[in-house]
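Structure first, commentary second.
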Amino acid sequence: MPYTADKPPLPETPEQLRARIPGWGADLDPADRPSYPREVQGLETGAHWDLPEQQEERQPRERSIEHARLTPAFGTSVPLKGLSGVVRSYAYRRFSEGRAAHWLLLIAADRVDAVESHLTSFTTRRPDNPVTETGVLAEASHHPVRSRAGRVDPRHQVLDPVIVVGPWVLAAVVVYRSVRAMVRRART
Amino acid sequence: MRAMVYRGPYKIRVEEKDVPRIEHSNDAIVRVTTAAICGSDLHLYHGLMPDTRVGSTFGHEFVGVVHEIGPSVRSLSVGDRVMVPFNIYCGTCFFCARGLYSNCHNVNPNATAVGGIYGYSHTTGGYDGAQAEYVRVPFADVGPAIVPDWMDEEDAVLCTDALATGYFGAQLADITEGDVVVVFGAGPVGLFAARSAWLMGAGRVIVVDHLDERLEMARTFAYAETVNFTQHKDVVVEMKRMTGWLGADRVIDAVGAEADGNLLQHVTSAKLKLQGGSPIALNWAIDSARKGGTVSVMGAYGPIFSAVKFGDAMNKGLTLRMNQAPVKRQWPRLFEHMRSGYLKPNDIVTHRIPLEHIAEGYHIFSAKLDGCIKPLVVPDAS
């Protein structure tokens, strides 16, 4: 087909679209889009302060070194703890958000956190249970085969159990080998 | 209280946690009546978002009833039924003063590259989320709004993120009358973006996905033409063919970090966490847009690098626009459209899950079982 200055014809006219689709063209005028994404000053936000009051820092709170100060409000969800807390604290203290090391350390700390938390859970009355916590028991009642027909993701979904169970198997192997080595050393 | 708690990648459970307390004079504590699981929650669930701590509670789409207020709260009272935007923002910083509510500088000490979000890791401020019986709502005079009497509970929940984000994404695309619009992703945000494109006068809307039930929803809810990319050897060539070999005027990426369609990209990002996100849909968007066109990015990506085809974007003279949606700015016009009958958000809700069964809910949503498009979470206390 020749490349011309004309736009290829549309399959339907505006009148046909208006008749078929509820609200077609309700925001047609670009000048009448009040929430159009652009910087606008003077919006009423409900704030009745110039500077928000500072939230109390009950314990030292990590922050990005790209901030000049601790922000007036912050989350208190899960304070730093354990080895993962040490890694996270170092990532925040040492590297800006512009450095890959900052984010890669935080992701590494997430993995450390998961291992630490799983191990800690075994000292409680509610140890982690990968079967119930993965929700995998829902498979049986939610059409596991039919749901996956014709999709591209099942070919990598087989990796999911490896990601979930793999670290447990690895940990079991390490524990087994360590115990076996200790027993052998004790015998000799 | 009962709350969803993250236990590591692909693992969550419901635990007893303390009811949140007032930490700041403008806080409110809200008893959650309905929450939702967002597609972006799956990035946390799969361990993709840096600094997602074991013990944290997810959930940034919710409505509820005010349970307690801090001493400086003026606009809300105990007992008010409120809908809460997923953005946490102060209302007065440099960015809030310019309407960039999703980029507030006063609520997230952990990062300057992103604002504050409920239940979305410490990278967005370390706030617990609303897949729980109660949630702390900072700056209660700024974010929440009282749910209008005429609004359905489920519609209100969808206004707190998915609908507002989809509408915002269509606005970012600068759609004008007669534009050909392609939307990658037929999840909730993609469906709402496609539907919103018509409001702005699109001449043609094409939605691309690989899940049949979502493509069916794109046809019936969003009145769109659909393309199942698994049925084409090269979806970009198909987009060119469908658009007279020019490409689409406006393209919206409504997929984000866990896009499928290229095994290497998906595995290196979603599985091995070596990229901030799998940019398959974004690259398809760049390559499917016509020269001089616009790409609107609504898909969420993590903060580390992703293998995006910026060379093609530059050489084609594309305009790339993106942001987290400043939700509350979208509401007045969206409410008009809902009252006019142009939008009925809860038409896309497929599953309603009790909080106690949320581990199964996440698995169903993550594995896309049973035609799951949008799951809501109902805490028992409601």
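The values are calculated or read from the model by the stated rules, or taken from the named source; none is laboratory data. None of these values were measured; they are calculated from a predicted model. Glycine also receives a Cβ, built like all others from the backbone with ideal geometry; neighbour counts cover every protein chain displayed. In case anyone asks, the SASA skips ligands and DNA or RNA and just uses the protein heavy atoms, side chains included. Shrake-Rupley method; radii C 1.70, N 1.55, O 1.52, S 1.80 Å.
Test of understanding: in a Gaussian network model of chain A with alpha carbons linked when under 10 Å, which of A:Ser35, A:Ser96, A:Ser147 would top the mean-square fluctuation ranking?
Greatest mean-square fluctuation among the candidates belongs to A:Ser35.
Okay, helix-only estimate at 222 nm for chain B: each DSSP H run of n ≥ 4 adds -39500 (n - 2.57), divide by all residues, round to 500 deg cm²/dmol; what do you get?
-6500 deg cm²/dmol
Which order do peptides B:204-214, B:362-372 fall in by mean Cβ count within 10 Å, highest first? Write out the running numbers ahead of the final one.
On the way: B:204-214: 23.9, B:362-372: 21.9.
Final packing ranking: B:204-214, B:362-372.
If amide H atoms are built 1.01 Å from N in the plane of the peptide, which residues on other chains or at least 5 residues away come under 5 Å of the amide H of B:Gly116?
So B:Gly116 has HN proximity to B:Ile88, B:Cys104.
Among B:Pro332, A:Gly135, B:Ile69, which residue has its Cα furthest toward the positive end of the charge dipole of the protein assembly as shown, with +1 on Lys/Arg Cβ and -1 on Asp/Glu Cβ?
Among B:Pro332, A:Gly135, B:Ile69, the one farthest towards the positive end of the dipole of the protein assembly as shown is A:Gly135.
What distance in nm separates the simple spin-label points at B:Arg98 and B:Asp347, each placed 7 Å from Cα in the Cβ direction?
Distance between the two pseudo-spin positions: 3.7 nm.
Can you tell me the orientation of helix B:188-199 relative to chain B, as the angle in degrees between its alpha-carbon axis and the longest Cα principal axis, to the nearest 10?
Tilt of helix B:188-199: around 70 degrees.
With chain A treated as a Gaussian network of Cα nodes joined by springs under 10 Å, which of A:Gly98, A:Gly25, A:Gly135 yields the largest mean-square fluctuation?
Evaluated over chain A, the most mobile residue of the options is A:Gly25.
Relative contact order, percent, of the range A:16-173 when contacts are C-alpha pairs under 8 Å separated by at least 6 residues? Working shown, then result.
Values: 72 pairs, mean separation 19.3, N = 158.
With pairs under 8 Å counted, the relative contact order is 12 percent.
Just tell me how shielded A:126-138 is by partners: mean number of partner chain Cβ atoms within 10 Å of each residue's Cβ, no decimals.
For this peptide, the per-residue mean of nearby foreign Cβ atoms is 6.
Using only Cα atoms and rounding to the nearest 10 degrees, what angle (0 to 90) does helix B:162-172 make with the longest principal axis of chain B?
In chain B, helix B:162-172 runs at an angle near 50 degrees to the longest axis.
Averaged over every viewing direction, what's the projected area of the C-alpha convex hull for chain B? Give it in nm², one decimal, please.
Result: 17.1 nm².
How far is the Cα center of the range B:164-198 from the Cα center of the range A:86-104, in Å?
Their Cα centres are 36 Å away from one another.
If one puts a single equal scatterer on every Cα of the range B:255-382 and applies the Debye formula without solvent, what log₁₀ I(q)/I(0) results at q = 0.10, 0.12, 0.13 Å⁻¹?
Here the Debye-derived log intensity ratios amount to -0.48, -0.69, -0.79.
From other protein chains only, count the Cβ atoms within 10 Å of every residue's Cβ in B:253-265, then give the mean.
What the average comes to for B:253-265 is 1.
Over the range A:41-105, what lengths in whole Å, largest first, do the semi-axes of the equivalent ellipsoid take, defined as the square roots of 5 times the eigenvalues of the alpha-carbon gyration tensor?
Output for the range A:41-105: semi-axes of 28, 16, 9 Å.
Amide H of B:Ile373: which non-local residues (sequence gap of 5 or more, or other chain) have their own amide H closer than 5 Å, using H built in the peptide plane?
For B:Ile373, the qualifying residues are B:Thr350, B:His351.
Just name one of B:Leu343, B:Tyr127, B:Met49: the one whose Cα is farthest towards the positive end of the charge dipole of chain B (beta-carbon charges, Lys/Arg +1, Asp/Glu -1).
B:Met49
Taking each residue in A:49-59, count the Cβ atoms of any other chain within 10 Å of its Cβ, then average. What number comes out?
Working: counts 9, 1, 4, 13, 6, 3, 8, 2, 1, 1, 0.
Per residue, the average neighbour count from other chains is 4.
Report Rg (one decimal) and Dmax (nearest whole number) for the range A:90-188, counting Cα atoms only, units Å.
Rg, Dmax (Cα atoms, Å): 19.4, 60.
Short version: ³J(HN,Hα) in whole Hz for each residue of the range B:317-322, in order, from phi by Karplus 6.51 cos²θ - 1.76 cosθ + 1.60 (θ = phi - 60°), x for Gly and Pro, what are they?
x, 6, 9, 9, 10, 6
Compute from the Cα atoms of chain A the Rg and the Dmax, the latter being the longest Cα-Cα distance, and quote both in angstrom.
When restricted to Cα atoms, chain A yields Rg and Dmax of 28.1, 91 Å.
Please list, in order along the range B:63-68, the HN-Hα scalar couplings obtained from phi with the Karplus expression 6.51 cos²θ - 1.76 cosθ + 1.60 (θ = phi - 60°), rounded to whole Hz, x for Gly and Pro.
Whole-Hz 3J(HN,Hα) from phi for the range B:63-68: 10, x, 10, 5, 9, 7.
Leaving ligands, DNA and RNA out of it, report the carbon-plus-sulfur percent of the accessible area of chain A at a 1.4 Å probe.
61 percent
Grab the eigenvalues of the alpha-carbon gyration tensor for the protein assembly as shown, scale each by 5, take roots, and send me the semi-axes largest first in whole angstrom.
After diagonalising the Cα gyration tensor, the semi-axes are 37, 30, 22 Å.
Counting only residues 5 or more places away or on other chains, whose amide H sits under 5 Å from the amide H of B:Val182 once H atoms are built in the peptide plane?
Under 5 Å from the amide H of B:Val182: B:Ile206, B:Arg250, B:Val251, B:Ile252.
Over 21 Å between Cα atoms, which of B:Lys240/B:Lys309; A:Lys81/B:Lys17; B:Lys233/B:Lys271; B:Lys328/B:Lys368; B:Lys17/B:Lys368; B:Lys11/B:Lys273 qualify?
Violating the 21 Å limit, Cα to Cα: B:Lys233/B:Lys271; B:Lys328/B:Lys368; B:Lys17/B:Lys368.
Quick one: give the max-minus-min coordinate of the C-alpha atoms of the range B:1-53 along each principal axis, largest first, in Å.
Reported extents, whole Å, longest axis first: 34, 21, 20.
Using Cα-Cα distances under 8 Å and only pairs 6 or more residues apart, what relative contact order does the range A:80-135 have, in percent?
This gives 30 percent for the range A:80-135.
Return the Cα extents of the range B:1-114 along principal axes one, two and three, sorted largest first, each rounded to a whole Å.
40, 33, 22
Can you tell which of B:Ile37, B:Ile69, B:Ile304 shows the greatest fluctuation in a Gaussian network model of chain B with Cα springs below 10 Å?
B:Ile304
In whole Å and largest first, what semi-axes does the C-alpha gyration tensor of the range B:162-322 yield when each eigenvalue is scaled by 5 and square-rooted?
Values: eigenvalues 94, 59, 48 Å².
Over the Cα atoms of the range B:162-322, the ellipsoid semi-axes are 22, 17, 15 Å.
Is there a quick way to get the dipole size of chain A? I mean about its Cα centre, with the Cβ of Lys and Arg at +1 and of Asp and Glu at -1; what is the value in debye to the nearest 20?
1760 debye
Quick check: the angle from helix A:82-94's long axis to the longest principal axis of chain A, C-alpha only, nearest 10 degrees?
The angle comes out at about 50 degrees.
Please compute the contact order of chain B in relative form: average sequence separation of alpha-carbon pairs under 8 Å and at least six residues apart, divided by the residue count, as a percent.
Once normalised by length, the contact order is 17 percent.
Treating only the Cβ atoms of Lys and Arg (+1) and Asp and Glu (-1) as charged, compute the dipole magnitude of chain B about its Cα centre; round to the nearest 20 debye. Intermediate results must be reported in sequence, preceding the final value.
On the way: 35 positive and 41 negative charges, 186 e Å.
It comes to approximately 900 debye.
How long is the range A:80-135 along each principal axis, judged by its Cα atoms, biggest number first, in Å?
The Cα atoms of the range A:80-135 stretch 40, 22, 11 Å along the principal axes, largest first.
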